[in-house]
Amino acid sequence: MSYTRSAIVTGGTMNLGYHAAMTIARQHPDWLVVVCSRSDREHAAESINEALKQSNTVFMPLDLSSSKSVRDFARNWSAKNHPPVQALCLNAALQFPGKIVYTPEGLEATFAITHVGHALLFHLICSHLAQNARIVITSSGTHDPAINSGLPVAIYTTGEELAHPPPAIAEGPGRRHYANAKLANILWTYALHKRLSEKVPDRSITVNAFDPGLMPGTGLAREASPLMRWAWDKVMPKITPVLRVTFTDNIHRPEESGASLARLAISPGTEGISGKYFEGTKEICSSKDSYDEKKIEDLWQWTVKYCAQDEAEAAHFEQLR
Ligand SMILES: NC(=O)c1ccc[n+]([C@@H]2O[C@H](COP(=O)([O-])OP(=O)(O)OC[C@H]3O[C@@H](n4cnc5c(N)ncnc54)[C@H](OP(=O)(O)O)[C@@H]3O)[C@@H](O)[C@H]2O)c1
């Protein structure tokens, strides 16, 4: 079959990403829908195809913690001549609640997977984005100290310090890196929006950040202690109605949040919206820090410098072509 467009969903093999990919594939049987992550243990693409009685979803391996893997993915993408990417959902993430974890390249792992790998992926496949392409970046309400999520408060000093945290942060709680990385997702969304609208307005590409809300039972707690994992996997999904009343109404099943993510990526109702932050289907303000121009610029510049192999590639990344 020859497809008209492509959609890429990172972390599309499980939970939030899986359900977003399923919704996109259902609504666009004429698109190639690519779910990517390190492994496809549950045969996500096959499962989506079977459920929809279609064959337009495929799995492609991608490890966002490795720049080589991201570059291999992008090289493979270019070589295959896939149709233009209409929807790019940068969704994968992991939490490391214990001691700080570094990637083999020496970056703090949460930030590497959640932000750096996604930014590199965007830059490398930017030329394959369709006219009017939409980029949706999955963030989290935990980036915002004002909502009292229970996570340590996000602290953005510089991109360099998120990548290579100084001792005071490196030795602090592991979940702070998650809150920081989710704040980085939003800062980078705003930086990218600004550049897309100033440098390549003719491409009409949009980018928004998205909070799916709390989704107990997903793989996000896989690195947590056995007790926490048990509560997350077995208890919390069963008491969701109670949590909704006592803790937050921003709590959903992955199916529901997956539909909200897909809405931003493909619904006619969200066409043309860019540079915004959504909690589910609701546009809201992100944290005070996330609008700090200095932080937005610092992260953009650090990211281009880090991701590019040389000055020529950095200049190419800045062109957004
Ligand atoms: N669950 C929540 O309560 C909640 C709340 C707010 C925001 N979120 C956000 O929602 C998004 C999805 O989370 P989820 O709860 O659906 O988590 P999940 O069930 O753990 O799914 C995460 C997905 O990301 C992939 N992934 C992990 N590490 C990767 C890597 N290095 N390279 C490529 N892919 C990788 C995983 O596959 P592999 O492990 O096979 O690579 C999996 O497909 C995340 O951005 C998360 O921060 C979740």
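Remarks
- Cα-centred dipole magnitude for the chain, charges only on beta-carbon of K, R (+1) and D, E (-1), debye, nearest 20: 580
- Multiplying the residue separation of SER2 and ALA231 by 0.36 nm and removing their Cα-Cα distance gives an extension gain of 77.9 nm.
- Ranked for footprinting exposure by Cβ neighbours inside 10 Å, fewest first, LEU52, LEU107 give LEU52, LEU107.
- Within the same chain, lysines fewer than 8 places from LYS288 are excluded, and of the rest, those with a Cα less than 16 Å from its Cα are LYS182, LYS276.
- Directionally averaged projected area (the chain, Cα convex hull): 15.6 nm².
- Sorted by Cβ neighbour density within 10 Å, fewest at the top, the residues ARG263, ARG244: ARG244, ARG263
- The chain - mean residue ellipticity at 222 nm from DSSP helices (-39,500 (n - 2.57) per run, n ≥ 4, rounded to 500): -12000 deg cm²/dmol
- Here HIS177, HIS123, HIS164 are placed in order of increasing Cβ neighbour count within 10 Å, fewest first, which gives HIS164, HIS123, HIS177.
- The stretch 84-113 versus the stretch 216-279: alpha-carbon centroid distance in Å: 18
- Gain upon complete extension [VAL245, GLU171; 0.36 nm per residue less C-alpha separation]: 23.1 nm
- Distance from the stretch 7-36 to the stretch 123-168 (C-alpha centre basis), Å: 22
- Residue separation of SER267 and LYS294 scaled by 0.36 nm, minus their Cα-Cα distance, works out to 6.4 nm of gained length.
Rule-based calculations on the coordinates, nothing more; no lab input. The structure presented is a predicted model; accordingly, all values stated were derived computationally and were not measured. A quick note on method: Cβ atoms are made from the backbone with ideal geometry, for glycine too, and the neighbour counts reach across all protein chains shown.
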